[in-house]
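Heads up, the thing below is written out as structure tokens.
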Amino acid sequence: MQPETLSFFDKVFQVAKQIPYGRVTSYGAIANYLGAVRSARMVGYAMNGSHNKDVPAHRVVNRKGLLTGKHHFDGTKLMQQLLESEGIQVKDNQIQEFEIVFWDPSKEL
DNA sequence: CTACTGACGTCGC
DNA sequence: GGCGACGCCAGTA
């Protein structure tokens, strides 16, 4: 609810931090919530700075439910382990029941 | 200062 | 219905 003075970059962190436990969201969902449907790439890129923040980037995946960003984590297996640790079923870098664990900020927020 | 790339997604053909 | 190209903003070369 901060004024739009915050950069697109910062808004992503605000939403990502609000992702509930055991839930995941997609870059496009966040971008859509921010009103920048065409800027889904920026959402993922913003996560580059999420390492220093309390942003659970491991809960953010692409529209297909693929752990595309796992490569940017400390370890390629870290992201999947974190998701499984939260009760999310992950198979071959793909989230199972993605539509069930999916968390839409524009819908639930 | 200019150009290219990048955790994606939508539109176009 | 499947494949290709473009677009968003910011950071780095």
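A:Gly44 versus (1) more than 22 Å from A:Phe9 (Cα to Cα); (2) in contact with a Gly (Cβ under 8 Å, 6 or more places away or on another chain): which is the lone unmet condition?
(1)
Looking only at the stretch A:33-55, how many residues end up being surrounded by fewer than 18 Cβ atoms within 10 Å (Cβ to Cβ) and in contact (Cβ under 8 Å) with a residue 40 or more places away in the chain?
Going through the stretch A:33-55 one residue at a time, the tally reaches 2.
Take the stretch A:41-64 and flag every residue that is part of a helix (DSSP H, G or I), of a type in the set (A, V, I, L, M, F, W, C) and touching a strand residue (DSSP E or B) at 6+ places or on another chain (Cβ under 8 Å).
If the condition is that a residue be part of a helix (DSSP H, G or I), of a type in the set (A, V, I, L, M, F, W, C) and touching a strand residue (DSSP E or B) at 6+ places or on another chain (Cβ under 8 Å), then A:Val43, A:Met47 are the ones that fit.
For the stretch A:90-105, how many residues are in contact with a helix residue (DSSP H, G or I) (Cβ under 7 Å, 6 or more places away or on another chain) and within 12 Å of A:Gln18 (Cβ to Cβ)?
Total meeting the criteria: 2.
Go through (1) surrounded by 12 or more Cβ atoms within 10 Å (Cβ to Cβ); (2) away from DNA strand C (no atom under 13 Å from the Cβ); (3) charged (D, E, K, R) one by one and return the number of the condition A:Arg63 breaks.
(2)
What's the total number of residues in the stretch A:10-32 that are touching a residue at least 40 places away in the same chain (Cβ under 8 Å), within 14 Å of DNA strand C (Cβ to nearest atom) and either among the hydroxyl-bearing types (Ser, Thr, Tyr) or over 18 Å from A:Glu108 (Cα atoms) (or both)?
1
Looking at (1) more than 10 Å from DNA strand B (Cβ to nearest atom); (2) in a helix (DSSP H, G or I), find the lone condition where A:Ala31 falls short.
So the condition that A:Ala31 fails would be (1).
Among the listed residues A:Lys70, A:Lys77, A:Lys91, A:Lys17, which satisfies the condition of being buried (at least 19 other Cβ atoms within 10 Å of the Cβ) and of a type in the set (Lys, Arg)?
Result of the check over A:Lys70, A:Lys77, A:Lys91, A:Lys17: A:Lys70.
Computed from the coordinates by the stated procedures, all read-outs in this text should not be read as laboratory data. Because the structure is predicted, anything quoted here is derived from the model rather than measured. Glycine also receives a Cβ, built like all others from the backbone with ideal geometry; neighbour counts cover every protein chain displayed.
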